[in-house]
Structure formats: C-alpha cells, structure tokens
Amino acid sequence: LAKTTQPISMDSYEGQEVNITCSHNNIATNDYITWYQQFPSQGPRFIIQGYKTKVTNEVASLFIPADRKSSTLSLPRVSLSDTAVYYCLVGDRNFGNEKLTFGTGTRLTIIP
Amino acid sequence: DGGITQSPKYLFRKEGQNVTLSCEQNLNHDAMYWYRQDPGQGLRLIYYSQIVNDFQKGDIAEGYSVSREKKESFPLTVTSAQKNPTAFYLCASSISLEGTEAFFGQGTRLTVV
C-alpha cells in the first residue's frame with residue numbers, strides 16, 4: 001500500500017483558497033487518490049477522488065501532476081465550517097477491494 | 001432513507017467486561033469496516049469484511065472480534081483482552097465491486113470506567 005505524507009496542520013483565513021498537498025511517492029499504476037473530511041466526533045465523509053490531471057466537483061478540486069507522486073486538494077474560498085481534518089488516501093478505486101488505511105490527516109483551522 | 005447506523009452513540013463499560021457495538025447499513029453494500037480513533041489521531045483499521053461470513057483482521061485486531069452473519073450487520077465486540085478500549089469507534093461500508101467512496105456511521109464513543 002502506498003504511504004502518504006501530509007502536513008499535520010494548517011491555518012487559513014476565511015475567504016481564502018486553501019491548498020493541502022499529499023505526497024505518495026510509491027503510488028501504484030492502479031491506485032486512485034481519494035480525500036475525506038472529518039468533523040469532530042463524526043465519521044469521515046468523501047470529498048473527491050481522482051487518478052490524474054484535475055478533478056473538480058461542487059466542493060473542491062484535486063490536482064494531480066503527471067508523475068502522480070503527489071496531489072493537492074484545493075478548497076475555494078473557505079469558511080469557518082471548513083475547519084476539519086482532511087485525509088488523503090491512496091489505493092484501489094474500489095474502497096472495498098483492499099484495506100485502505102487512514103493516516104493522521106491534516107488539521108485545517110479557518111480563522112475569522 | 002439509506003445510511004449506516006451505529007449504536008449506541010455513547011457507551012460505558014466496566015473493566016473486564018465484554019461489550020458489543022452495533023453497525024447496520026441499508027445501502028446494500030458488500031464491504032464493511034471497523035476503525036478505531038484515539039484523540040488527535042487518525043483512523044486505525046480493526047477488522048473488515050468484503051462479503052457475508054468472511055472477515056479479515058486489520059492493523060489492530062487484538063482484543064476485538066467481529067461477525068458478519070448478515071449483509072446488513074457487522075457488530076464489533078470489544079473483549080476484556082483489549083488493554084486500552086476507551087476510544088471512538090467508527091463503522092463504514094462501501095460497494096465492493098464498484099463505487100468510489102466509503103460511507104461512515106456517526107461513531108460510538110466507548111469509555112471504560
């Protein structure tokens with residue numbers, strides 16, 4: 001399983017764009033990159049998934065360079081409600097096909 | 001409506017007692033998982049099951065047991081052999097053969113008193 005490395009914590013002001021980078025040097029050819037968000041005392045929830053280049057949905061964008069050894073989650077114009085822990089996972093596209101593991105994630109704090 | 005339900009939300013246990021955490025899903029998902037989360041830490045995988053009547057140990061299975069007799073249900077028993085059982089427990093499910101995301105329950109906070 002590819003190991004991931006993320007910053008432990010980040011702070012940002014409301015209204016700014018936030019970029020969280022994840023390193024995954026040993027990513028395999030079949031691996032996808034998935035990001036989850038977790039609020040205190042709640043289960044994580046899916047944000048976005050991608051394989052290469054750029055993926056965008058109503059919540060975030062995911063940028064993946066050609067070598068796929070890293071990825072960047074971009075949150076546009078953050079608000080206080082975006083304060084949460086963000087996890088980067090690398091593995092099979094189908095979550096159920098292997099035991100995907102969560103690291104410690106990145107604790108994002110939005111400042112008013 | 002569809003989802004994954006964990007109960008109870010809070011659970012207190014005396015040392016030396018076994019306790020079972022419930023996890024039910026009505027999403028028709030094949031795969032189910034149990035994770036443990038300690039304060040300020042990430043999620044650690046305890047057990048997972050990809051199909052009924054089959055389950056695999058995760059990274060920290062010692063002191064825990066599970067069963068998967070029905071597709072909808074994946075209960076976790078925290079036994080007296082688990083040395084530090086106080087934690088936040090999360091159950092998740094996903095479609096095994098297709099689908100790209102896992103759905104999590106709201107968690108059970110277990111406290112040993």
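Points worth noting:
- Matching residues, the range A:2-17, being surrounded by 15 or more Cβ atoms within 10 Å (Cβ to Cβ) and either among the hydroxyl-bearing types (S, T, Y) or more than 14 Å from chain B (Cβ to nearest Cβ) (or both): A:A2, A:T4, A:M10, A:S12
A quick yes/no check of all residues on (1) farther than 19 Å from B:G42 by Cβ; (2) not β-branched (V, I, T):
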residue: A:N19; (1), (2): yes, yes
residue: A:A28; (1), (2): yes, yes
residue: A:I48; (1), (2): no, no
residue: A:Y51; (1), (2): yes, yes
residue: A:A60; (1), (2): yes, yes
residue: A:R68; (1), (2): yes, yes
residue: A:T72; (1), (2): yes, no
residue: A:V85; (1), (2): no, no
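- The range B:76-113, subset in contact with a Lys or Arg (Cβ under 9 Å, 6 or more places away or on another chain) and away from every other protein chain (no Cβ under 14 Å), residue surrounded by the fewest Cβ atoms within 10 Å (Cβ to Cβ): B:V113
- Selection of the range B:28-55 for residues being surrounded by fewer than 14 Cβ atoms within 10 Å (Cβ to Cβ) and either within 11 Å of another protein chain (Cβ to nearest Cβ) or within 21 Å of A:Y36 (Cα to Cα) (or both) yields B:D38, B:P39, B:G40, B:I51.
- Answer residue from the range B:64-75, given it is away from chain A (no Cβ under 14 Å), assigned to a strand (DSSP E or B) and free of Cβ contacts under 8 Å to residues at least 40 places away in the same chain and is nearest to A:I48 (Cα to Cα) among those: B:K70
- Residue check for A:V85: within 13 Å of chain B (Cβ to nearest Cβ), assigned to a strand (DSSP E or B), free of Cβ contacts under 8 Å to residues at least 60 places away in the same chain and crowded, with 19+ Cβ neighbours inside 10 Å: yes
- Matching residues, the range B:1-32, being of a type in the set (D, E, K, R) and closer than 21 Å to B:N84 by Cβ: B:K9, B:R13, B:K14, B:E15
- One residue alone among A:I20, A:I33 is touching a Phe, Trp or Tyr at 6+ places or on another chain (Cβ under 8 Å), within 14 Å of another protein chain (Cβ to nearest Cβ) and either small (G, A, S) or in a strand (DSSP E or B) (or both), and that residue is A:I33.
- Residues of the range B:2-49 that are hydrophobic (A, V, I, L, M, F, W, C), more than 11 Å from B:L110 (Cβ to Cβ) and part of a strand (DSSP E or B): B:I4, B:C23, B:A31, B:M32, B:W34, B:L43, B:L45, B:I46.
Where a number appears in this text, it was derived from the coordinates with a stated rule and is not lab data. Because the structure is a prediction, the values reported are computed rather than measured. Positions of Cβ are generated from backbone atoms using ideal geometry, with glycine treated the same way; all protein chains shown enter the neighbour counts.
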